[in-house]
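One structure below.
The values are calculated or read from the model by the stated rules, or taken from the named source; none is laboratory data. Only a predicted model underlies this, so the values are computations on that prediction, with no experimental measurement involved. As a convention, Cβ positions derive from the backbone with ideal geometry for all residues, glycine included, and neighbour counts pool all protein chains shown. Ligands, DNA and RNA are stripped out before the accessible areas are found, and what is left, the full protein with its side chains, is counted by its heavy atoms. Shrake-Rupley method; radii C 1.70, N 1.55, O 1.52, S 1.80 Å.
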Amino acid sequence: MISGLSLPFTLTFRASDLLLRRATLEDLHSIIRLLSDDTISAGRGDVAGAADEPAYAEALRRIIDDPSNDVLVVVDGRGVVIGTLQLTVIPGMARRGSTRLLVEAVRIASTERSSGVGTAVMRWVVEQAAIELRAPLVQLTSDAARTDAHRFYRRLGFIDSHVGFKIAVSLP
């Protein structure tokens, strides 16, 4: 749990309010549903299968217990989780010892995409980085196939300035 974040937070959104809060284990099914509600994630194995639930639960417990990490959920006025994201604070040596805020696994329910929910959440993230966390850099990666997401992040002022590399390793 990252200290310094102003949570829970009410995002004023159109005619209603959305609640942005830390995820709990009770949110697990909603988070898994959001991950699987995405064709790219589903193609990587996030298919909301019951057999995978223990792995997701263990991952959420590890994140909740880590003072550098948070998983947040966005809850609508009916109490339904309609979004999630993970934040990680990374102290660094580069850029004169700057701290970075890494944003991962941003998912908004398919019924809410292009509604402005993602914009409201990401603006809050950037504000928290500057004001509460004193992190002068917010960074994220996005799968090369997510062209709509790339337009979204550019519209918010993010710059696609780096090329990322990944390698899958075989576990014993």
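Counting the residues of the range 63-83 that are of a type in the set (A, V, I, L, M, F, W, C) and open to solvent by 20 Å² or more (accessible area, probe 1.4 Å) gives 3.
Evaluated against (1) under 22 Å from ASP148 (Cα atoms); (2) of a type outside the set (Phe, Trp, Tyr); (3) within 13 Å of the chain's Cα centre (by Cα), GLY116 falls short on exactly one condition, (3). For the range 138-155, taking the residues that are over 18 Å from SER114 (Cα atoms), within 14 Å of the chain's Cα centre (by Cα) and of a type in the set (A, V, I, L, M, F, W, C), the one that is surrounded by the most Cβ atoms within 10 Å (Cβ to Cβ) is identified as VAL138. With respect to ILE167, determine if the residue is modelled with pLDDT under 95 and farther than 23 Å from LEU7 by Cβ. Yes. Taking the criterion of being of a type in the set (A, V, I, L, M, F, W, C), assigned to a loop (DSSP other than H, G, I, E, B), over 20 Å from SER68 (Cβ atoms) and modelled with pLDDT of 85 or more, no residue of the range 1-49 qualifies. Just one residue in the set ARG96, ARG123, ARG113 is of a type outside the set (A, V, I, L, M, F, W, C) and on the phi > 0 side of the Ramachandran plot; that residue is ARG96.
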